[in-house]
Amino acid sequence: MLRPGSTARSALVAALCGFLCLCCVRPAGAVPRTELVTNAGLIRMTITNLGYVGNGLSSPYQPSCEYPGNSHVEHLFLGGLWVGAVTPEGQRRVSTGAQDASSLTDGEDIREFTDSLTEDVQVWSNTQNSDDYNPAALATQHIECYFTDDKFDETGNHTPLFVKVILRVLSWSSSYADDFVILDYRIVNDSDSELSDVYVGYWNDTTVGNTTITVPSGYGSGAPRTWQFYDDVNGAWRPGDVADDPELWMMYEHDDDGEEGMATSWIGARLLGSSPAPSPAAGLPPVSYNSWRFRSVPAQDDAYEVDGQPLPGKYQMLSNGDFDAGGDFSYPGNWNGLLATGPFTNLAPGDTLQVTYAVVCGADSLNLLANAKVAQVAYDSGFAIPTGPPSPRLSLEYEDNTVVLAWAPGDSIALNDQGEPVPLQSDDPRRSPEHHISIITQRPDFQGYRIFRFQGESFGGDPYEQSTMVAQFDKIDGIGFDTGLPPLGADGKRRFRDTSLLDGFGYWYSVVSFSAPDVVSSLPEFQSGYYENAALVYPGPAPQPLGEGRGPGVFPNPYRVASRFDDQQGEQELGRKLWFTGLPARCVIKVFTLNGDLVKTLHHDDPASGLEPWDILSEPVRAIASGLYIFAVEDLATGRVERGKLVIIK
């Protein structure tokens with residue numbers, strides 16, 4: 001195998017390799033999906049079963065490749081698989097999952113892979129208390145996509161190779177392994193002919209920016225500036241470029257000016273390895289990196305001419321063995337990159353070629369390189385990332401200016417059909433988190449909880465660094481602080497009560513579990529991932545039936561929106577929030593003008609909260625005018641209706 005660099009981010013990660021190797025067995029119960037977003041770690045990347053990743057920055061409601069999650073910092077327009085080979089007839093053909101395109105729609109028109117008609121996208125997790133838990137999973141989130149190259153181009157510019165691709169997308173929640181997503185491609189020759197001189201590449205159009213200050217065209221209007229595609233700096237590292245990572249093959253990009261400090265992170269794609277290993281000719285490297293400016297992708301699979309000038313085709317870009325081809329990258333621009341490996345001498349009918357990449361992000365170049373090493377460790381150890389007990393599954397309870405987090409601790413025994421207590425199997429989800437059994441040592445490893453809080457609706461960086469640890473609980477066993485765990489309530493749940501909050505303001509909460517260091521096995525402490533149970537919470541009163549308590553109300557009232565005006569672009573309508581409070585658990589809220597015209601209908605159904613937000617947009621979605629409005633709340637349990645007034649001032 002080609003296995004660049006096995007050095008870990010730290011001695012800790014290096015010590016973890018080799019403890020466990022899981023095999024991937026495709027579980028039953030396929031779930032048909034065509035578009036998903038990675039959500040285990042800090043990278044939120046769109047995954048499809050059409051040969052490409054990212055979504056062309058086409059929607060403000062789904063990230064293309066956001067890092068860290070909930071930061072609004074995007075890093076990718078599109079990325080995709082390229083496969084090139086020589087057919088028995090001597091033709092050089094290339095099939096691409098994505099290539100230069102100005103929009104997702106254009107990208108869909110030119111992609112050359114289609115979804116499998118016989119196999120559905122599958123999602124599962126190796127976290128025992130996840131809804132997607134399956135013991136065959138290799139990661140906190142394990143996605144499998146299936147797509148095929150059987151699409152003929154009517155223009156004659158493309159003829160398929162007839163390969164089938166199985167893409168495994170792996171991401172982890174552990175804090176030391178949450179900055180990368182692994183793309184593991186298994187390419188099967190689904191034709192009846194042998195393919196020779198096969199090359200595989202990962203192409204991407206990376207672009208870094210913050211969507212709160214610059215807006216992609218797919219998002220609509222309303223920001224001070226439009227998205228900047230031409231201010232990114234690209235490049236790549238190869239063996240010898242980074243002293244402590246001597247076998248590194250990786251391309252990268254970052255924003256030239258960091259978006260005024262709002263988008264300073266880097267993105268890269270590292271080639272982790274292949275099976276079998278490539279067989280380059282003597283003196284040629286097994287990896288090539290080519291980059292070109294947007295709209296300069298070769299128009300044909302093989303070499304061609306334009307106005308008598310010879311030009312390389314896609315196959316030549318995959319196979320030329322060049323590095324930094326395309327010119328001087330020391331100045332910013334709108335660059336595309338292709339990191340390719342090969343040749344693989346032949347691929348007989350039914351044979352499989354496996355090539356693995358990692359999409360990596362980091363706060364800066366040093367963090368990017370450090371995170372890329374951990375991705376290599378994951379690959380070199382058979383995707384065996386050791387973890388500790390998973391985060392508990394949270395439920396939320398509300399009071400005025402207060403949030404209560406509640407969770408079940410798990411158990412080591414359960415009653416069988418005869419009502420007799422029996423031990424639970426080590427991988428039974430009902431054990432988690434407090435009776436979790438380590439997959440490495442096969443011994444209990446739970447030690448305690450840490451509770452993190454962040455005030456705000458979006459992060460500007462790593463959530464661990466931006467959040468405050470508001471509590472830590474450590475079981476009493478002579479290890480650590482021995483503070484004890486929160487007591488169990490009558491319902492068998494532990495609770496943490498956080499007071500002195502601001503009603504209607506957003507807070508992120510995460511309750512993570514951690515293990516004790518294992519001296520016997522020389523293992524350090526492991527902590528579960530922030531996003532395993534992270535919840536955006538808006539404190540407010542618990543629900544109450546109409547006719548009891550203070551009744552329904554609105555805050556802020558009046559609602560003043562002058563601060564949302566921009567002196568150049570005018571008013572930004574999205575992102576506002578007005579709150580109805582004092583609501584019953586199930587109710588309908590209707591907002592009317594003074595003339596009795598219905599402006600908005602909201603449906604509230606939350607047994608824990610008496611708050612419901614309104615974005616101050618009418619139906620259909622339009623901005624509303626300044627003025628006095630009437631609202632009516634109907635309690636669906638009793639039929640009682642109460643009314644009130646609210647004022648909008650622009």
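The values are calculated or read from the model by the stated rules, or taken from the named source; none is laboratory data. Treat the numbers as computed from the prediction; the structure is a model and nothing was measured. Backbone-built Cβ (ideal geometry, glycine too); neighbour counts: all protein chains shown.
Kindly provide the set of residues from segment 577-615 that are closer than 13 Å to L646 by Cβ, aliphatic (A, V, I, L, M) and more than 35 Å from the chain's Cα centre (by Cα), ordered by number.
Listed by number, the residues that qualify are V591, L594, V599.
For (1) among the small types (G, A, S); (2) assigned by TED's automatic domain parsing to the domain that holds V165, each residue gets a yes or a no:
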residue	(1), (2)
P349	no, yes
V355	no, yes
V359	no, yes
A372	yes, yes
Q376	no, yes
I385	no, no
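May I ask you to verify whether L646 is hydrophobic (A, V, I, L, M, F, W, C) and under 19 Å from P539 (Cβ atoms)?
Answer is no for this residue.
Out of G478, G492, G448, which single residue is assigned to a loop (DSSP other than H, G, I, E, B) and either within 28 Å of the chain's Cα centre (by Cα) or without any contact (Cβ under 8 Å) to a residue 24 or more places away in the chain (or both)?
G478
Pick from segment 437-487 the residues that are within 30 Å of H72 (Cα to Cα) and of a type in the set (A, V, I, L, M): which of them is surrounded by the most Cβ atoms within 10 Å (Cβ to Cβ)?
I451
Could you tell me which of the residues L81, L42 is within 19 Å of Y315 (Cβ to Cβ) and modelled with pLDDT of 95 or more?
From the options L81, L42, the qualifying one is L81.
Report, by residue number, each residue of segment 531-548 that is out of contact with any Phe, Trp or Tyr (no Cβ under 9 Å at 6 or more places or on another chain), within 20 Å of G461 (Cβ to Cβ) and either surrounded by fewer than 20 Cβ atoms within 10 Å (Cβ to Cβ) or hydroxyl-bearing (S, T, Y) (or both).
Y531
Quick one: would you say S103 is of a type in the set (G, A, S) and in contact with a Gly (Cβ under 8 Å, 6 or more places away or on another chain)?
In short, yes.
Taking the stated definitions as given, is S116 in contact with a Gly (Cβ under 7 Å, 6 or more places away or on another chain) and at pLDDT below 95?
It is false that S116 is in contact with a Gly (Cβ under 7 Å, 6 or more places away or on another chain) and at pLDDT below 95.
Quick one: E253 ticks every box in (1) of a type in the set (D, E); (2) more than 18 Å from G80 (Cα to Cα); (3) surrounded by 15 or more Cβ atoms within 10 Å (Cβ to Cβ) except a single one, so which number is it?
That leaves (2) as the condition not met.
Could you give every pair whose Cβ atoms fall below 7 Å, whose first residue belongs to segment 210-233 and is surrounded by fewer than 17 Cβ atoms within 10 Å (Cβ to Cβ), and whose second residue is modelled with pLDDT under 90 and among the aliphatic types (A, V, I, L, M), counting only separations of at least 6 or pairs across chains?
Note: pairs meeting the criteria are I213/A223; S221/V215; G222/V215; G222/L574; P224/I213; R225/I213; T226/V215.
Does at least one position in segment 264-279 carry a residue that is free of Cβ contacts under 8 Å to residues at least 12 places away in the same chain and either buried (at least 17 other Cβ atoms within 10 Å of the Cβ) or not polar (S, T, N, Q) (or both)?
So far as segment 264-279 goes, no, none of its residues is free of Cβ contacts under 8 Å to residues at least 12 places away in the same chain and either buried (at least 17 other Cβ atoms within 10 Å of the Cβ) or not polar (S, T, N, Q) (or both).
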